Structure formats: structure tokens, C-alpha cells
1. Has the stretch A:320-334 got at least one residue that is at pLDDT 95 or above and over 21 Å from the mean Cα position of the chain (by Cα)?
2. Every residue in the stretch B:279-296 that is touching a residue at least 12 places away in the same chain (Cβ under 8 Å) and within 18 Å of B:PHE34 (Cα to Cα), please.
3. Scan B:ILE258, B:ILE270 and give me the residue that is more than 17 Å from B:GLY56 (Cα to Cα), within 14 Å of chain A (Cβ to nearest Cβ) and surrounded by 21 or more Cβ atoms within 10 Å (Cβ to Cβ).
4. How do the pairs read when you match residues in the stretch A:72-97 that are more than 10 Å from chain B (Cβ to nearest Cβ) with residues anywhere that are basic (Lys, Arg), using Cβ under 7 Å and keeping only pairs 6 or more apart or on different chains?
5. Report the residue count in the stretch B:20-55 for those that are under 18 Å from A:ALA92 (Cβ atoms), more than 14 Å from chain A (Cβ to nearest Cβ) and among the β-branched types (Val, Ile, Thr).
6. Do you know which residues across the stretch A:297-311 are within 18 Å of A:ALA122 (Cβ to Cβ) and in contact with a helix residue (DSSP H, G or I) (Cβ under 7 Å, 6 or more places away or on another chain)?
7. Identify, from the list A:ALA233, A:ALA284, the residue that is buried (at least 22 other Cβ atoms within 10 Å of the Cβ) and away from every other protein chain (no Cβ under 14 Å).
8. Looking only at residues that are hydroxyl-bearing (Ser, Thr, Tyr) and not in a loop (DSSP other than H, G, I, E, B) in the stretch A:216-244, which one is nearest to A:LYS395 (Cα to Cα)?
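The values are calculated or read from the model by the stated rules, or taken from the named source; none is laboratory data. Just so it is clear, the structure is predicted and the values come from calculations on it, not from any experiment. Glycine also receives a Cβ, built like all others from the backbone with ideal geometry; neighbour counts cover every protein chain displayed.
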Amino acid sequence: MTTSRRRMLSLLLASALGVAGFVALPSRPAHAQAKPPVTLVVANSQWLDALRGKNLWAAVTKYQQVAPHVTLQQEAIPSADFNDKITTALGAGQGPDIVMMQEGLFYSLAEAGFLVDIGKAAEGAALNHTNEKGVVKGKRLGIAWQRAVYALIYNKKLLDAAGAAVPKDVDGLIASSKAIQDKTGAIGFSSRHQIADLSGWFMDFQSWAYGYGVNWVDGAGKLTLNTPEAVAATAAFKKTFDSGIIPVGDDMPTQRTRFKQKQIGFSIDNSGGTLNIASGGPLASTDLYSAPLPFKAPGAHQQIFLGVSKHSKNQAEAIAFLAWLVTADGQRALRDASGPDALATDVPVTEAFRATNPWADTFAALAVNSRSTLIPGYESKTTPIMRLVMEAVEKVIVAGADPKAALDEAQKQALARF
Amino acid sequence: MAAKTTMRTSALGARAAGYLFIVPPVIYLGVFMFWPLARQMWMSLTNTTLARPNDGVFVGLANYARLLETPAFYASLRITVVYASLAVLLGVTLGVVSALAINRPFRGRAVVRGILLFGWAVPNVAAALIWLWMFNERSGVFNKMLLGMGFSRLRWLTSIDWSLPSILIVTVWQVAPFVMLVTLAALQSVPEEVREAARVDGADPLNVFRNVTWPHILPSVQLAALLVAVWSIRRFDIIYLLTGGGPLGSTSTLVVKIRQTAFEAHELGIASAYGAVGLLLALLVAGIHNLVDRRRMRWVAER
């Protein structure tokens with residue numbers, strides 16, 4: 001009797017434990033259990049960013065908990081080589097499954113037919129306006145990963161030490177930068193200024209151009225590189241360059257490092273670059289402030305799109321990953337790692353982030369009216385067209401050429417080639 | 001009869017062995033050199049783009065015609081010739097002088113030789129980054145020295161006047177040790193008894209060098225000069241990392257132009273045409289070297 005009662009009790013206990021164990025197991029989607037293991041290669045230059053790369057990767061790999069049969073694998077390519085490597089790889093029928101790319105590359109790959117329709121990933125998602133340009137010829141080929149707006153950023157402590165004001169125009173920028181240089185010994189203002197860094201420089205310069213009201217094409221879609229607005233923007237950049245406030249010869253990584261080390265007063269940078277400056281350096285993120293650009297009109301933004309390669313053998317899984325990324329869970333995971341960058345859906349910056357990053361709010365406000373760095377109608381040809389513009393700017397700042405004459409020459413060459 | 005058959009078999013075997021030895025390099029060169037070269041030449045006659053490398057359409061000599069109409073092509077050709085010529089002139093001169101200097105035994109020669117070889121041993125990318133910092137306008141050691149001596153700062157890499165000379169400084173720092181090594185090896189093979197005989201005949205050190213040492217090391221120096229010239233025509237990494245071809249195209253050699261055309265404008269056809277011109281230039285240099293070498297041989301024979 002005792003034995004049978006014990007056996008009964010043991011059976012009950014075992015059943016209870018079994019049921020409890022079953023209930024305690026994390027719920028997994030049925031498809032995840034049934035599917036064979038898949039590895040998705042995700043290419044992005046941001047994986048190499050010191051702290052941001054790690055945080056972004058931690059955010060996206062949360063998908064592996066939702067879909068345990070999927071393993072995400074990084075393909076980290078330096079930003080300077082990213083376009084070359086991805087274009088060459090896809091041109092050769094290879095490359096990653098998912099590409100996180102700048103808008104310019106997105107249009108090139110779309111035009112070459114290397115991206116597949118990812119409309120299914122967007123079904124039911126509350127995508128915002130940053131996704132509009134992801135639709136090419138009626139097909140959704142891209143979903144926004146991040147949109148990084150440009151703003152004027154400054155080291156508040158240097159500004160206070162020099163008694164300098166936050167500038168509202170280029171003359172003010174030069175005056176405040178000079179005050180910082182004279183009174184603190186730091187560098188006044190950082191800016192890309194070399195053709196060796198063409199892709200970064202032209203995107204930065206778009207903020208100057210748009211700030212002066214430039215449209216690189218007219219209403220009929222004809223290129224207009226030598227408008228009075230473009231001449232004014234070039235002249236303003238020349239004035240800034242000649243004022244001696246820029247560390248001539250420094251590339252952008254060096255300038256950002258200097259900013260991080262409290263050696264620079266002002267910079268015009270995008271929110272992604274600013275997040276880099278604010279993370280993991282001697283400059284406390286609470287000492288970094290931002291302001292609208294010192295121009296009359298709104299500036300530019302850089303946009304990164306997500307796309308799936310037509311050479312991917314796991315297209316359906318890649319699209320499923322993107323579908324998760326635009327869910328509330330996916331976007332929440334991305335939020336803090338992305339700083340104040342606009343994401344595919346409207347996810348506000350957390351209070352905790354705002355409290356430690358007083359610079360974040362301005363970027364969010366500027367994102368409303370910012371413009372793409374690409375030339376409308378010439379999206380995939382923007383880089384070679386902007387090379388002509390930047391060569392003209394270089395002629396003006398290095399050789400002292402007349403801005404109008406230099407841009408006239410650029411216009412002539414552009415009309416002959418494009 | 002049997003002996004004849006054996007001889008024939010061994011002759012066949014010897015011939016087959018010859019072919020057998022030559023097959024691997026022929027396959028290697030065919031796959032990794034001649035096929036890509038042939039493909040590049042074909043591509044230069046098509047409108048191939050980077051995104052569609054296999055879909056180019058034959059356009060005849062249109063790419064070459066476009067090159068000839070572009071002022072930037074002539075500028076890059078001129079810069080390539082100037083850069084390669086000065087790299088050879090300065091690199092070879094410095095290399096030969098260094099070799100002569102360290103050929104004599106002196107205390108600490110091994111250390112000096114090691115220091116002089118440093119430039120050759122450092123990888124190009126690392127060298128470019130080191131020099132990038134030394135040339136930095138604000139924090140670079142060169143400008144600090146200039147300021148210390150009471151001069152003003154120079155824009156080493158960002159002014160039209162100084163960018164090419166700056167790149168030449170780095171290039172010479174890299175190639176001179178190679179020339180020095182080659183020359184040193186040649187110098188150490190000059191028979192001492194011939195030098196001794198010249199001295200006994202009353203030749204002073206300059207005459208010993210001119211009539212004994214120099215003719216002996218000349219073939220090696222010529223070969224080193226040829227290699228330096230071809231490498232300079234092909235050099236990309238240092239130029240690209242230091243200036244990216246700028247400012248205002250003042251360091252934009254043909255190879256930099258190839259990169260720009262292929263990866264910015266995505267025009268592989270035009271880029272291949274630039275490459276073909278670079279190849280022609282290298283062949284021209286090799287041809288000149290061959291001509292000079294033949295004349296030297298004839299001169300030696302007639303002497």
C-alpha cells in the first residue's frame with residue numbers, strides 16, 4: 001500500500017514537473033522548430049564602429065531568440081571600401097544575404113537588378129516617411145535602417161570657456177571658432193575638405209549647398225551645378241576654409257577623434273557621427289550640444305537602407321528577418337543603439353538616452369525638413385556628378401579659383417557626360 | 001638496335017621532362033596573368049559597367065577616343081611619367097650611393113644596414129599611415145620642425161605644389177633600400193684582384209670606380225631601375241592613402257584614375273582603357289631597358 005502510494009506520488013510529482021517544465025519553456029514559433037538551420041550574412045560598415053557597432057549587433061542578434069534556427073553572421077566592411085566591395089561581389093553573383101547600405105549604393109544596386117522585392121517584410125508594419133524612397137519602380141526594394149540628419153555640434157565647455165556664442169550664420173561660426181582657438185588653444189571647427197574623402201565630403205557639403213537653397217536639378221530635370229545659390233555656398237565654404245579654423249589635412253576619423261578628445265569646438269556632423277563622438281571618449285556626452293545648421297535653409301541627411309540580395313540562397317529567411325526588424329520589438333531593440341537616428345518606424349528616443357545626450361533633440365527636430373544627399377533623377381550617378389562639384393570647390397579653396405568660373409566648368413562637363 | 005631505342009626513349013623522356021617543367025608556370029601565368037590581361041583588353045573595347053561585368057557591349061575604340069578627348073587623361077599620363085621618372089632617378093641614385101657607403105667595413109655597419117632597409121620592410125599601408133601623420137599640417141613632425149626653425153607650416157599633402165614631392169619622398173624612402181640591396185650584392189661580387197690591378201696601374205679611386213666597379217654593377221642597377229620604373233607606374237596604395245589623387249588631380253596617376261573610373265563612375269570599359277595605356281607605358285619602359293642593355297653588351301664586346 002505504502003509502495004503504491006509512493007509510486008502514485010512519484011507519478012504525480014513527475015507529471016507536475018513535466019507540465020511545469022513544458023509551461024516554463026520559452027514559446028517558439030512552430031516554423032522555427034521545423035526549419036533547418038540557416039545562416040544569414042549581414043553586411044554593414046557600422047559593425048566596425050567602436051561602440052555603436054557592438055550595440056547595433058547586439059540589437060539585431062536578438063532575432064536569434066525569436067528564430068533560433070537562424071544564425072546572423074557579420075560581414076564588416078570599412079565604409080571607404082563598402083560600395084566597391086559590395087558592387088563587385090554582387091556583380092560576380094556572390095556577396096551577403098542582407099546589405100545595409102547608403103542610399104547611393106541602394107539606387108545603384110536597384111538599377112542593376114541586384115535587390116529583390118521585400119514588400120512582404122513591410123506588410124502590416126507602421127513604416128514612416130523615411131521608407132518612401134525604398135520603393136523603386138513600384139517595388140519595395142529597401143526598408144530604412146537609419147536616417148542620420150546633419151546638425152551643428154559643439155563642445156559646450158570650450159564654448160563657455162571662450163565666451164563664444166552658438167552661431168546662426170557662417171560669419172558667426174567663424175567668429176565663435178576663432179574665439180575658441182584664441183582663448184582655449186583648441187581647434188575651432190572641423191569639416192571634411194579633401195577630395196581623397198570624396199564620398200564623405202560631398203555628403204557633408206550637401207548641407208552647405210541645401211543651406212544656401214541649392215537644387216542640383218531644375219524643374220525639367222536638367223542638371224544645374226552653377227546656380228547663384230551653388231556659387232554662394234561654395235564662396236561661404238571658401239571663406240570658412242580661409243579663416244584658418246579648419247585643421248587642414250586631417251581626415252574625418254582624425255577630426256572626430258580630436259573632437260572626442262576635447263580638441264575641437266564646432267563641427268557639422270550627422271547624428272551617427274555624433275553618436276560616435278559622444279560614445280566612449282574623454283568628452284562626456286553631457287558636454288556635447290547641438291544646434292541648427294548656421295544656414296538659412298534646412299540641410300541634408302544620410303540614409304541607410306536594408307536590402308536583400310538576389311543572389312541570396314535564403315531570401316525568404318532574410319525577408320522574415322527584416323519583417324521582425326520593423327516590428328515594435330525589433331525597432332525597440334534598435335532604438336538606443338541608433339542614437340537619435342530616425343528609424344523605419346516612429347520610435348521615440350528614450351528618456352534615459354535624452355538625459356545623458358542633450359544633443360539628441362535637435363537632430364530629431366531637423367529630421368523633419370532635411371533632404372537626401374542624392375540628386376533627384378540622378379540617384380545612381382550622384383557620386384560622379386558630385387565629384388565634378390567637389391573638384392570645383394577644391395579648385396576654389398586650394399587654387400583660389402573664382403567660384404562661378406569653377407562651377408561653370410563643372411556644369412559644362414556634367415552636361416557633356418550625363 | 002636496343003641501344004638506339006633506349007637513346008630515342010631517353011631523348012623523348014628528356015623532351016617530355018622539359019615540357020613537364022614548363023607546364024606549371026605556363027598554366028599559372030595563363031590563368032593569373034594572360035587571361036585577365038586578355039579580358040581587360042577586351043573590356044576596354046566594350047561599355048562594361050561594374051554592376052554588370054559580364055554584360056558589356058562591343059563599342060570598338062570608342063573608349064580610347066573618349067580618353068583622347070579628356071584633358072584629365074593627359075594630365076594623369078603626365079603625372080605618371082613625371083612621378084615614375086623622378087622615383088627612378090632619386091630612388092636609384094640614393095640606393096646606389098647608400099650601397100657604396102655601406103659597402104666598406106665600419107663599426108655598426110649591420111645596424112646602419114638594418115635601419116636603411118626599414119623602408120623596404122614596412123608594408124605600404126603602414127608606411128602610408130606613418131607618413132600621413134608625419135605630414136600632418138597641425139601635429140606632424142615635419143611642420144613642428146619647420147616651426148621650430150622659424151619657418152611657417154607647409155601643406156605637405158594638401159597643396160598643389162607639395163603633394164607630388166611629398167609622395168615622392170615616401171616612394172624614394174621605400175624603393176631606395178631595394179636598389180641598395182641589389183647594388184650591394186653586385187658590389188660584393190666585384191673581383192678584388194681586378195680593382196687591385198687597376199690600383200697597381202696607377203688608377204685613383206674615382207677611376208677604379210668608373211672603369212672597374214661601375215661597369216660591373218651597371219647591369220644590376222639597370223635591372224633595379226627597370227623594376228622601380230614599372231612599380232612606380234603601377235603604384236596605387238601609397239598615393240591613394242596619402243592624397244587620393246588630389247589636390248586638384250596633382251597626384252592622380254593612371255592607376256588612381258583607373259580606380260576612380262571603375263569604382264566611382266562604375267565604367268569598367270573606360271577604366272580598362274586607362275589600364276591598357278598603363279600597360280603600354282610599362283612595355284615602353286621595358287623596351288627602352290632592353291635597347292639600352294643591348295647597346296651596353298655591344299659596347300662591352302667591342303671594348
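1. yes
2. Let us first name the residues in the stretch B:279-296 that are touching a residue at least 12 places away in the same chain (Cβ under 8 Å), namely B:279, B:281-282, B:285-286, B:289, B:292-293, B:296.
Selection gives B:LEU279, B:LEU281, B:ALA282, B:ALA286.
3. Values: B:ILE270 fails: more than 17 Å from B:GLY56 (Cα to Cα).
After applying the criteria, what remains is B:ILE258.
4. A:ILE77/A:LYS85
5. Narrowing the stretch B:20-55 to residues under 18 Å from A:ALA92 (Cβ atoms): B:31-32, B:35-36, B:39-40, B:42-43, B:46, B:48-55.
Filter again for more than 14 Å from chain A (Cβ to nearest Cβ), leaving B:31-32, B:35, B:40, B:42, B:46.
With the extra rule that they be among the β-branched types (Val, Ile, Thr), the set shrinks to B:31, B:46.
So the answer is 2.
6. A:GLN303, A:PHE305, A:LEU306, A:GLY307, A:VAL308, A:SER309 - these are the residues of the stretch A:297-311 that are within 18 Å of A:ALA122 (Cβ to Cβ) and in contact with a helix residue (DSSP H, G or I) (Cβ under 7 Å, 6 or more places away or on another chain).
7. Numbers: A:ALA284 fails: buried (at least 22 other Cβ atoms within 10 Å of the Cβ).
After applying the criteria, what remains is A:ALA233.
8. Step one: list which residues in the stretch A:216-244 are hydroxyl-bearing (Ser, Thr, Tyr), which gives A:224, A:227, A:234, A:240, A:243.
Next, only the ones that are not in a loop (DSSP other than H, G, I, E, B) stay: A:234, A:240.
Working: A:THR234: 10, A:THR240: 15 Å.
Result: A:THR234.
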